[in-house]
Structure formats: structure tokens, C-alpha cells
Amino acid sequence: PLPPGTDVMADAEATARAAAEHLIEMAESAEGDRVAICLSGGSTPKRLYALLASPGFVERVPWSRIHWFFGDDRVVPWDDALSNVRMVREAFGHAAPVPSTHLSFIPSDAGAEAGARRYERMLRDFYGAERLDPNRPLFDLVLLGLGSDGHTASLFPGKPAVAERDSWVAPVPEAGMEPFVPRITLTVPALSSSRSTLFLVNGAGKREPLQRLADGEDLPVRHIRSNGRVRWFIDREAAGL
Ligand code: 6PG
């Protein structure tokens, strides 16, 4: 069985389009003048981000209200090919009218430990409190992926960051899979403080972690909750159909 809240879609393009529609819907339904969206990294969401900046979508995204955050990043310079900042910048290109003050990149110039503390400070300042209020989610939408080894954000199975319940952000000195560079990741409580959570999962390489989940294995994703719904957009290939 696939995770509860799963929609199986024809292919990767269909999951990206559905995710773009969901993002616009969540942004439009957000109360107040700020919408907080937490982006995932890796290769899967690149098409989604490019779509948001493309004709048909770019006019409908309420760019001036959205504040963009990251669920994790590799501790490398932002212009490095491994950086999620670079990935998002390339995908948005010049077409996405993102005010520069609406982009909160994970600091990468001071190492994993200091970067984690600085990013946590940025998030708390944005949220306006030192503690997460269960009735007031930090994010309107959290986007996540699933690694072929079963990690999500940079919560690698069996690593200490998975068990962190006090900090919002954790350093990950040793990644569980390549590229073996240190990471900084949001923790389970921060990722769970959301109005909506969406996992995007594409391709045959994701059959194995989905199977491990179906077999009841205690992968990090099992601990992630949402104030609203946790949904999964999975393409037929990943679903093994
Ligand atoms: C990262 C991610 C990570 C990602 C998975 C899937 O920066 O590595 O945020 O959690 O979602 O590794 O990555 P792919 O989409 O490349 O398979």
C-alpha cells in the first residue's frame, strides 16, 4: 500500500503540474499578508519550480505575498552545483518576480553548526516567537521529497537529527548518502508545523523506499505531521505501476 493521502499520477510532469496547482491554491487560501512556503531540494522539484516561473503559472502565483524557505541544504557555497539555492535560482530564472527579502537561504558560509543556529534565528524572527504554537503553523506549505535511501529533507534514517525535538534546525555533519557533504536540515517539529505538506516522488528509484514504508519501516517521514493534510503526489513509475 502507498502512504495515506497518495495520488498516483501518469508521470513526473503530471506530478509537477499538480504540485504547482496545489501551491497556488495553498498560497491563495492563506490568511494574512504573508505566505510561508518551505521548498525541498534534490532533482525532483526542479521542474515544479521552473513551471511556477513559466507562462500559465507565473501570472497566478501571488509572488508579493510568498516568503520562500528551504527544508534543507548542503553546506557548500550557494553557487555550487550541489547547492539547493543554485537549483532554485536556476529554475526560477529571471521570470519569477521574487522580492529578494522574501528568500531565506540556509546560511552556508560558517559551517553546519553555526549555519543551523543562524537559520533557526531567521525562522524564529519570521515566525515572531521562540516556540512553535500548535495552533499557528510556521509554514503554509512544506514540500518534501523521498531519497532512494529513505531520507527526507536531510533527515537520514538512523542519524541523530531525526530524533531532535527541541531545535527547529539541526546540523548534519555526515550525510547518509552522496553527495557526502555536511547538511543543515529542518527537524521533525519544524517540518510538521504546516497547513499542508506535500511529498513529490517520481521514478523507479523511489520504489524501494516506498516499499520500505509500506513494510512498516520506521523511516523519518513517518514522524512528520501537519496541521492540515499530508499528501503524496507519486508518479506511476515510482508506484511500480
Ligand atoms: C536534498 C533534499 C532531499 C531530496 C531527496 C530526493 O537536498 O537532498 O531536500 O531530501 O528531497 O534527496 O532527491 P531527488 O529528488 O534528487 O531524488
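The values are calculated or read from the model by the stated rules, or taken from the named source; none is laboratory data. Worth saying up front: this structure is predicted, and the values here are computed from it rather than measured. Note that we place each Cβ from the backbone using ideal geometry, even for glycine, and neighbour counts take in every protein chain shown.
Here are the numbers for this structure:
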item: Considering residues of the range 173-185 that are away from the ligand (no atom under 12 Å from the Cβ) and touching a residue at least 60 places away in the same chain (Cβ under 8 Å) only, the residue surrounded by the fewest Cβ atoms within 10 Å (Cβ to Cβ); result: P173
item: Pairs with Cβ under 6 Å, 6+ apart, first in the range 144-155 and touching a residue at least 60 places away in the same chain (Cβ under 8 Å), second of a type in the set (D, E) and near the ligand (Cβ under 6 Å from one of its atoms); result: A153/D72; S154/D72
item: Residue in the range 41-62 that is among the acidic types (D, E), at pLDDT 95 or above and under 19 Å from the mean Cα position of the chain (by Cα) present; result: no
item: Selection from the range 40-81 of residues that are assigned to a strand (DSSP E or B) and either of a type in the set (D, E) or touching a Ser or Thr at 6+ places or on another chain (Cβ under 8 Å) (or both); result: H67, W68, F69, F70, D72, D73, R74
item: Qualifying residue in the range 197-206 (condition: under 18 Å from the mean Cα position of the chain (by Cα), among the aromatic types (F, W, Y) and closer than 20 Å to F70 by Cα); result: yes
item: Cross-chain or 6+ apart pairs with Cβ under 8 Å, the range 6-18 first and farther than 16 Å from S43 by Cα, then modelled with pLDDT of 95 or more and part of a loop (DSSP other than H, G, I, E, B); result: V8/L2
item: Answer residue from the range 186-206, given it is under 20 Å from V169 (Cβ atoms) and out of contact with any Phe, Trp or Tyr (no Cβ under 9 Å at 6 or more places or on another chain) and is surrounded by the fewest Cβ atoms within 10 Å (Cβ to Cβ) among those; result: S192
item: Selected residue (criterion: surrounded by the most Cβ atoms within 10 Å (Cβ to Cβ)) from residues of the range 110-159 that are more than 30 Å from L210 (Cα to Cα) and within 16 Å of the ligand (Cβ to nearest atom); result: Y119
item: Pair list, Cβ < 6 Å and 6+ apart or interchain, from the range 31-42 residues that are on the phi < 0 side of the Ramachandran plot to residues that are aliphatic (A, V, I, L, M); result: V35/A27; V35/I66; I37/I66; I37/L141; C38/V142; L39/L143; S40/L143; S40/L144
item: Filtered residue count, the range 169-211, keeping only those that are assigned to a helix (DSSP H, G or I) and basic (K, R); result: 2
item: Every residue from the range 85-138 that is under 21 Å from P173 (Cα atoms), among the aromatic types (F, W, Y) and in contact (Cβ under 8 Å) with a residue 40 or more places away in the chain; result: Y119
item: In the range 1-46, the residues that are within 14 Å of the ligand (Cβ to nearest atom), under 11 Å from I234 (Cβ atoms) and in contact with a Phe, Trp or Tyr (Cβ under 6 Å, 6 or more places away or on another chain); result: T15
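Rundown of residues vs (1) more than 17 Å from P179 (Cβ to Cβ); (2) within 16 Å of the ligand (Cβ to nearest atom); (3) among the polar types (S, T, N, Q), yes/no style:
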site: F57; (1), (2), (3): yes, no, no
site: A91; (1), (2), (3): yes, yes, no
site: P97; (1), (2), (3): yes, no, no
site: S108; (1), (2), (3): no, yes, yes
